[in-house]
Amino acid sequence: MAMLMARTEKKAPRQIAEILVAQLRQQEGLWENIEIAGPGFINFFLKATCWHDVLKQISVQGKAFGKGTVGAGKRVQVEFVSANPTGPLHIGHGRGAATGDAVASVLCEAGFEVQREYYINDAGNQMDTLGRSIYLRYCQLQGRDLEFPEDCYQGDYIRDYAREVIDQHGSRFLEMDEAEAIAWFSREGGESIRQGIDTDLQQFGIRFDNWYSEQTLYDRDLVKDGIEALTRDGYTYEQDGAIWFRTTDFGDDKDRVLIRSNGATTYFASDVAYHREKYQRGFDIVIDVWGADHHGYVPRMKAVLAALGRNPEDLQIILVQLVNLLREGEQIAMSTRAGKFVTLKEVVDEVGKDACRFFFLMRRSDSQLDFDLELAKKQSTENPVYYVQYAHARVCSIQRNAAESQVTLPGDDEVKLETLTLAEELQLTKTLSRYPEVVVGAALNYEPHRITFYLQELAAQFHSYYNQQRVIVDDLDTSRARLYLVNAVKQVIHNALTVLGVSSPEKM
RNA sequence: GGCCCCGUAGCUCAGCAGGAUAGAGCGAUCGCCUCCUAAGCGAUAGGCCACUGGUUCGACUCCAGUCGGGGCCGCCA
């Protein structure tokens with residue numbers, strides 16, 4: 001402050017600080033002390049009573065502590081996962097899922113009105129490939145000798161599904177016209193896989209508010225409308241028999257095809273329609289969570305926004321880097337094409353939902369993540385999930401113990417907070433007071449990992465306090481005040497873990 | 001060739017409109033259970049924040065370039 005003013009005031013920062021401090025000191029009651037440090041920093045020391053108010057706030061607000069209003073009720077849509085319904089979710093999708101869900105939660109906490117949406121790519125020719133893959137496996141299982149093409153989906157789940165169809169429908173598809181049969185397999189198989197994805201996500205603690213089918217964009221002529229709208233505004237042209245969108249007008253390095261020379265629309269064309277429709281549904285901000293391998297698509301989507309006459313900032317794209325799956329430090333090789341990959345379900349079954357989600361949120365989303373299955377399972381200090389959850393369980397344990405000793409949690413009006421005189425207690429209280437700001441920061445920057453880091457810091461301070469001091473001591477007022485403090489710690493840990501989609505166990 | 005991300009302690013990573021001696025976890029070494037869960041705590045060692053310039057009173061943070069690592073660039077989805 002003083003240093004910022006140094007330039008305009010033409011005075012030494014230190015001198016300005018002196019003047020400011022003299023003024024500030026007139027305010028009685030707030031400050032414990034104010035001092036000048038270094039080149040002109042002004043340090044404020046709030047009176048302990050100011051900090052004690054924080055503990056009361058936490059007690060009074062409970063689950064609502066941390067909820068803010070910066071979102072101002074703005075409507076936000078978070079679209080994430082959106083994996084093609086051609087196979088089960090793999091571990092890479094898991095990170096996008098955990099990130100998208102946590103971003104949605106943290107925005108909600110910050111006062112935005114949030115919708116979670118899954119976009120189903122059920123219109124392209126990959127659905128046809130899916131139908132054909134199942135159909136061919138089906139034929140094979142019925143004893144037909146045929147070669148399974150390389151461009152078909154190789155995964156075992158295709159064969160499993162074909163077997164299921166045989167159980168339910170027998171051999172009736174063998175007689176049917178091939179195209180008709182494939183269409184059936186495509187539709188029914190896709191829906192079955194989609195349901196499987198939904199089930200896996202629910203096991204992972206994620207529920208979408210809306211599943212949006214790409215096909216419906218075509219059924220409702222929205223793709224056509226989208227292209228027409230762009231054409232009307234002069235952003236398209238024809239070349240080599242194709243229709244192009246001049247995305248270079250808006251900073252893209254290359255124009256993009258909307259309708260191919262064979263008459264088929266591109267995936268990009270449905271994306272135009274899809275995003276156009278999102279804003280028509282009234283969302284102020286739209287967030288897409290993508291795998292980092294799609295980063296090249298950012299400029300063209302921003303171009304869509306610009307062409308629609310919207311601020312490109314209204315579309316936020318979160319790029320999630322891929323996950324390196326390890327076991328005991330050894331990388332686990334995966335290949336989607338060969339159908340050899342570790343599914344999200346397998347990992348959740350093995351390490352549990354909590355560890356899985358926490359691990360995905362331990363790094364900022366745009367940095368690569370090593371996920372060691374053995375580490376995630378470890379119930380030790382090396383595993384940060386247990387570290388944080390353990391802090392919560394410990395408070396619960398203290399509370400059980402207090403109950404046995406007839407020490408009860410004091411009411412907000414009777415608690416004698418002045419007995420909390422220790423430096424660690426003040427420190428803990430300060431950390432608790434930061435939680436709402438952490439939520440705001442995480443929301444405004446779409447960075448849920450900030451919550452994860454905050455939790456680890458809070459847990460560390462609590463564990464340290466626990467090891468130095470006993471909550472239940474001889475003096476009743478002190479015991480009860482400390483109980484009040486650790487209860488606040490428990491509340492904030494619970495609130496933060498909830499945002500991340502991780503449970504807070506009472507006992508471990 | 002064009003574009004994007006990354007380069008901070010041995011390892012994995014934080015560092016929030018630029019601010020005071022740069023942080024955490026793991027790993028290493030040494031300690032701590034007659035005591036509310038040792039799934040914990042304390043202490044020690046360990047860093048030209050890749051490099052070079054620029055902006056600034058001040059740069060790990062912003063800008064340009066260099067080097068090193070990774071990724072993306074289809075009338076595929």
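The values are calculated or read from the model by the stated rules, or taken from the named source; none is laboratory data. Just so it is clear, the structure is predicted and the values come from calculations on it, not from any experiment. In this analysis, Cβ positions are derived from the backbone assuming ideal geometry, glycine residues included, and neighbour counts consider all displayed protein chains. When the accessible area is computed, the model is the full protein with side chains, heavy atoms only, and any ligands, DNA or RNA have been set aside. Shrake-Rupley method; radii C 1.70, N 1.55, O 1.52, S 1.80 Å.
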Checked region A:294-315 for anything β-branched (Val, Ile, Thr) and within 13 Å of RNA strand B (Cβ to nearest atom); matches are A:Val298
Could you tell me how many of the residues in region A:149-173 are within 21 Å of A:Asn125 (Cα to Cα) and of a type in the set (A, V, I, L, M)? 2
Quickly run through region A:486-508 and pick out the residues that are farther than 20 Å from A:Gly352 by Cα and within 13 Å of RNA strand B (Cβ to nearest atom). A:Val486, A:Asn487, A:Val489, A:Lys490
Kindly provide the set of residues from region A:46-71 that are within 30 Å of A:Phe208 (Cβ to Cβ) and in contact (Cβ under 8 Å) with a residue 40 or more places away in the chain, ordered by number. A:Gly62, A:Lys63, A:Phe65, A:Gly66, A:Lys67, A:Gly68, A:Thr69, A:Val70, A:Gly71
When every residue in region A:250-277 that is of a type in the set (D, E, K, R), touching a residue at least 40 places away in the same chain (Cβ under 8 Å) and closer than 28 Å to A:Ser367 by Cβ is compared, the one nearest to RNA strand B (Cβ to nearest atom) is A:Asp253
Need pairs with beta-carbon distance below 7 Å; first residue closer than 14 Å to A:Ala104 by Cβ and part of a helix (DSSP H, G or I) and within region A:435-448, second near RNA strand B (Cβ under 9 Å from one of its atoms) and not β-branched (Val, Ile, Thr); sequence gap 6+ or separate chains. A:Ala442/A:Arg450
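Within region A:472-508, how many residues turn out to be of a type in the set (Gly, Ala, Ser) and more than 18 Å from A:Val407 (Cα to Cα)?
Taking region A:472-508 first, the residues of a type in the set (Gly, Ala, Ser) are A:479, A:481, A:488, A:496, A:501, A:503-504.
Going one step further and asking which of them are more than 18 Å from A:Val407 (Cα to Cα), we end up with A:496, A:501, A:503-504.
Qualifying residue count, region A:472-508: 4.
Just checking, which of A:Arg137, A:Arg132, A:Arg144 is farther than 26 Å from A:Asn324 by Cβ, assigned to a loop (DSSP other than H, G, I, E, B) and among the basic types (Lys, Arg)?
A:Arg144
Considering only residues that are surrounded by 12 or more Cβ atoms within 10 Å (Cβ to Cβ) and within 11 Å of RNA strand B (Cβ to nearest atom), which ones fall in region A:218-244?
Quick first cut of region A:218-244, residues surrounded by 12 or more Cβ atoms within 10 Å (Cβ to Cβ) only: A:218, A:220, A:222-231, A:235-237, A:242-244.
Passing the criteria: A:Ala242, A:Ile243, A:Trp244.
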Complete set of residues in region A:457-474 that are within 6 Å of RNA strand B (Cβ to nearest atom) and open to solvent by less than 70 Å² (accessible area, probe 1.4 Å): A:Ala460, A:His463, A:Ser464, A:Gln469, A:Val471, A:Ile472
Just wondering, is there one or more residues in region A:339-355 that are at positive phi and either away from RNA strand B (no atom under 12 Å from the Cβ) or surrounded by fewer than 21 Cβ atoms within 10 Å (Cβ to Cβ) (or both)? yes
Examine region A:299-321 for a residue that is in contact with a helix residue (DSSP H, G or I) (Cβ under 7 Å, 6 or more places away or on another chain), closer than 28 Å to A:Val347 by Cβ and part of a loop (DSSP other than H, G, I, E, B), and state whether such a residue exists. yes
Boolean, A:Glu424 is exposed (fewer than 14 other Cβ atoms within 10 Å of the Cβ), on the phi < 0 side of the Ramachandran plot, within 12 Å of RNA strand B (Cβ to nearest atom) and part of a helix (DSSP H, G or I): no
Just give me the residues in region A:396-428 being in contact (Cβ under 8 Å) with a residue 12 or more places away in the chain and among the charged types (D, E, K, R), in sequence order. A:Asp412, A:Lys416, A:Glu418, A:Glu424, A:Glu425
